[in-house]
Amino acid sequence: MPTTRFHPATAAWFAQAFAAATAAQTQAWPSILSGQHTLIAAPTGSGKTLAAFLAAIDALVREGLQRPLADETQVLYVSPLKALSNDIERNLQWPLAGIAAQLKALDLPEVNIRVQVRTGDTTPGERTAMLKLPPHILVTTPESLYLLLTSDSGRKMLASVRSVIVDEIHALAGSKRGSHLALSLERLAALTSPKKLIRIGLSATQKPIEEIARFLEGGAHANCTIIDAGHARARDLALELPGAP
């Protein structure tokens, strides 16, 4: 089972929620759990977003069972779409609630993992509250990440980040927004140094995928594991010959 490296509560929730892991998840988890930069290239519906988040949630669960989670942001999710950011926040509540139920069934302590969204629509009051009590998982956009990195309070919140998940990375790589995000990722890596900032990219199938991996990693070094779970469409070929006149 590909979930054997997860905590029993995480593995039990996944087994209850899904019949089996997808190819993208099976291939990506060993790399992510080993602390490697990882790019997951797979079609929509392949479970690549959950592949990234479940590993992050599991790490928080394990830490929270050993000692109370510190009030700090550890996981950063960046999406170019504000609507997607809101969907992610809602969808994250499903595994979090399910794993909490499994912890209770195993008679283990509760681990309270906070998730919040920071976009241009976030009110000033919500932003202030977020800085005072940071979420463990922060969902944001490239532009909001840039703004956070320009303020002392924002940098203080982001200094504890251990992993960053960049969604729809293929839509950003060749644009000005992508250049802007690349700079923000380097600033974030410098801010979190000397700890290694684990970068996880989620992409549609692209060619050459190696270029997307270099963009994610921030250089030309081949230190990013590429999970290419794209699929070839089934073809129905037939040869038809017209009848002789």
- prompt: Looking at this structure, is Leu39 surrounded by 23 or more Cβ atoms within 10 Å (Cβ to Cβ), under 29 Å from Glu143 (Cα atoms) and of a type in the set (A, V, I, L, M)?
  reply: yes
message: Going residue by residue through segment 232-239, is there one that turns out to be touching a strand residue (DSSP E or B) at 6+ places or on another chain (Cβ under 6 Å) and at pLDDT 80 or above?
response: no
- prompt: Of all the residues that make up segment 142-156, how many are of a type outside the set (Val, Ile, Thr) and either under 23 Å from Leu33 (Cα atoms) or open to solvent by 50 Å² or more (accessible area, probe 1.4 Å) (or both)?
  reply: 7
- prompt: Which one of the conditions (1) in contact with a helix residue (DSSP H, G or I) (Cβ under 9 Å, 6 or more places away or on another chain); (2) surrounded by fewer than 16 Cβ atoms within 10 Å (Cβ to Cβ); (3) modelled with pLDDT under 90 does Leu33 fail to meet, given that it meets all the rest?
  reply: (3)
message: List the helices (runs of 4 or more DSSP H) inside segment 157-218, counting only whole elements, that have at least 3 residues being open to solvent by 10 Å² or more (accessible area, probe 1.4 Å) and not aromatic (Phe, Trp, Tyr).
response: 176-192, 209-217
query: If you check Ala15 against the conditions, is it surrounded by fewer than 20 Cβ atoms within 10 Å (Cβ to Cβ), out of contact with any helix residue (DSSP H, G or I) (no Cβ under 9 Å at 6 or more places or on another chain), among the hydrophobic types (A, V, I, L, M, F, W, C) and farther than 22 Å from Leu188 by Cα?
result: yes
- line: Condition set under 25 Å from Gly64 (Cβ atoms) and free of Cβ contacts under 8 Å to residues at least 24 places away in the same chain, scope segment 123-136, selection most open to solvent (accessible area, probe 1.4 Å): answer is Lys132
query: under 16 Å from the mean Cα position of the chain (by Cα) and within 28 Å of Ser34 (Cβ to Cβ) - does that describe any residue in segment 97-108?
result: no
message: When you check Val139 against the structure, is it in contact with a strand residue (DSSP E or B) (Cβ under 9 Å, 6 or more places away or on another chain), outside any helix (DSSP H, G or I), open to solvent by less than 30 Å² (accessible area, probe 1.4 Å) and at pLDDT 95 or above, yes or no?
response: no
message: Checking Ala171 against (1) among the aliphatic types (A, V, I, L, M); (2) at pLDDT below 95; (3) under 26 Å from Glu126 (Cβ atoms), only one condition comes out false. Which one?
response: (3)
- request: Run down Arg114, Arg118 and say which single residue is in contact with a strand residue (DSSP E or B) (Cβ under 9 Å, 6 or more places away or on another chain), surrounded by 20 or more Cβ atoms within 10 Å (Cβ to Cβ) and farther than 30 Å from Glu210 by Cβ.
  value: Arg118
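The values are calculated or read from the model by the stated rules, or taken from the named source; none is laboratory data. The structure presented is a predicted model; accordingly, all values stated were derived computationally and were not measured. Virtual Cβ from ideal backbone geometry, glycine too; neighbours counted across all protein chains shown. With ligands, DNA and RNA removed, areas are computed over all heavy atoms of the protein, side chains included. Shrake-Rupley method; radii C 1.70, N 1.55, O 1.52, S 1.80 Å.
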